[in-house]
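Okay, so here's the structure we're looking at.
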Amino acid sequence: MRWAAVDFETATSSRSSACALGVVIVEDGRELYRQAWLIRPPGNRYDVGNVAIHGIRPVDTEQAPDFSHVWSEAKAMIEDRPLVAHNAPFDVGVIRRCCLEFELVPPPLTYHCTVMLSRRTWPDLSAHKLPIVAGHVGAQLDHHDALSDAAACSSIMHACIDEAGVESVDALVVHHALKAKRVDTP
């Protein structure tokens, strides 16, 4: 069992405005390490609504590295692990748009969505939003803190695998008749 759970926060409604990234690296079913970064979004511009959600402000990121620097470090940690994210289309969209903004090539990684996997694993939950699913699996969560969200997502992936009685992310995806998608393929 290996993956990299990721979560982005954005400064505006644009997916190219990443302002925080959390990554949790799992190998052989164990968490190896975790890392969080603040990211200076283009122009260090923020929408009031986004700040209200995650609490990150321009003053917090004025000296932070931009996406290209942070992504270089994150990619080195992630290596060839599949990405997992809760509502993965959002986080993968951030990667794609930020790569486009900074003229970087999106990574040739597969990704999986724990919203979809949790819907298949626990269809009777009242909803499959991160706080609800994290609570269901007993994961700690400080919602909209990128590292906390990534860690909760990783806990959800563990719980989905355990519930299905399989040994890997790939086997879980097959078990639920889903397909892996790729970050570098829209």
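The values are calculated or read from the model by the stated rules, or taken from the named source; none is laboratory data. Everything quoted here is computed from the prediction, not taken from an experiment. Methodologically, a virtual Cβ is constructed for each residue, glycine included, from the backbone with ideal geometry; neighbour enumeration extends over all protein chains shown. Calculation scope for accessible area: heavy atoms of the full protein, side chains included, ligands and nucleic acids excluded. Shrake-Rupley method; radii C 1.70, N 1.55, O 1.52, S 1.80 Å.
Structure values in brief
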| read-out | value |
| --- | --- |
| So Met157, is it more than 24 Å from Ala52 (Cβ to Cβ) and buried (at least 19 other Cβ atoms within 10 Å of the Cβ) | yes |
| Flag for Leu125 being surrounded by fewer than 21 Cβ atoms within 10 Å (Cβ to Cβ), part of a helix (DSSP H, G or I) and either at pLDDT 95 or above or in contact with a Pro (Cβ under 6 Å, 6 or more places away or on another chain) (or both) | no |
| Subset of segment 173-186 that is out of contact with any Lys or Arg (no Cβ under 9 Å at 6 or more places or on another chain) and among the aliphatic types (A, V, I, L, M) - its residue that is least open to solvent (accessible area, probe 1.4 Å) | Ala180 |
| Some residue of segment 82-102 being over 16 Å from the mean Cα position of the chain (by Cα), modelled with pLDDT of 95 or more and assigned to a loop (DSSP other than H, G, I, E, B) | yes |
| Selected residue (criterion: surrounded by the most Cβ atoms within 10 Å (Cβ to Cβ)) from residues of segment 42-70 that are in contact with a Ser or Thr (Cβ under 7 Å, 6 or more places away or on another chain) and either part of a helix (DSSP H, G or I) or at pLDDT below 95 (or both) | Asn50 |
| Evaluation of Pro108 against (1) crowded, with 21+ Cβ neighbours inside 10 Å; (2) outside any strand (DSSP E or B) (one fails), failing number | (1) |
| Odd one out for Ala139, checked against (1) open to solvent by 30 Å² or more (accessible area, probe 1.4 Å); (2) without any contact (Cβ under 8 Å) to a residue 24 or more places away in the chain; (3) out of contact with any Gly (no Cβ under 8 Å at 6 or more places or on another chain) | (1) |
| Hey, Glu73 on the phi > 0 side of the Ramachandran plot and open to solvent by 50 Å² or more (accessible area, probe 1.4 Å) or not | no |
| Odd one out for Ser148 among (1) farther than 22 Å from Ala36 by Cα; (2) crowded, with 19+ Cβ neighbours inside 10 Å | (1) |
| Given (1) in contact (Cβ under 8 Å) with a residue 40 or more places away in the chain; (2) of a type in the set (S, T, N, Q); (3) touching a Ser or Thr at 6+ places or on another chain (Cβ under 6 Å), index of the condition Gln35 fails | (3) |
